[in-house]
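Q: Okay, here's the structure, questions in a sec.
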Amino acid sequence: MKSIDELGMRLKSFHHVAIICSDYDRSKYFYTKILGLEVIHEVFRAERNSYKLDLSLPSGDQVELFSFPNPPPRQTRPEAQGLRHLAFEVDDINTSVAYLKQNNILTEPIKIDEYTNKKYTFFSDPDGLPLELYEQ
């Protein structure tokens, strides 16, 4: 069997993370106005009765926000199979947490990663998807 180097395939980064929301307008507001992601492209797909919104972080990392009629809710959190959470890197976690609280978004207490000694905390998007802030 050939190695990754011999095959020439090397993963470079994440291109995007896809999220399905229950209320498109509410989630669009949250990700663009509260979290500050930039809109790259927005399209309504009539055949699916669905929006697809491409968003970008300053790093170029992207979030795809989808709406579908009556999507089932997330069954458990966060230890179910599948995506556990989405983590955003920030320069100053205390400032970021204060900003979220000013916008009526609850956060868990700030903790210290026992392996990196970096600060982090969790909060949720409008559909309860666990999101993390991780201090640089």
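The values are calculated or read from the model by the stated rules, or taken from the named source; none is laboratory data. Note that this is a predicted model, so its numbers are computed, not measured. No Cβ is skipped: glycine too gets one built from the backbone with ideal geometry, and neighbour counts run over all protein chains shown.
Q: Would you call residue 99 touching a residue at least 60 places away in the same chain (Cβ under 8 Å) and surrounded by 12 or more Cβ atoms within 10 Å (Cβ to Cβ)? Don't jump to the end; show me each part of the working.
A: Values: touching a residue at least 60 places away in the same chain (Cβ under 8 Å): no; surrounded by 12 or more Cβ atoms within 10 Å (Cβ to Cβ): yes.
In short, no.
Q: Can you name every residue in the range 6-51 that is of a type in the set (Asp, Glu) and either modelled with pLDDT of 95 or more or assigned to a strand (DSSP E or B) (or both)?
A: Scanning the range 6-51 gives 25, 38, 42.
Q: Output the strands (runs of 3 or more DSSP E) that fall wholly within the range 52-136 and possess 1 or more residues being more than 26 Å from residue 38 (Cβ to Cβ) and among the acidic types (Asp, Glu), or say none. Spell out the reasoning first.
A: Numbers: elements: 62-67, 86-90, 119-124, 130-135.
Correct list: empty, since no element meets the threshold.
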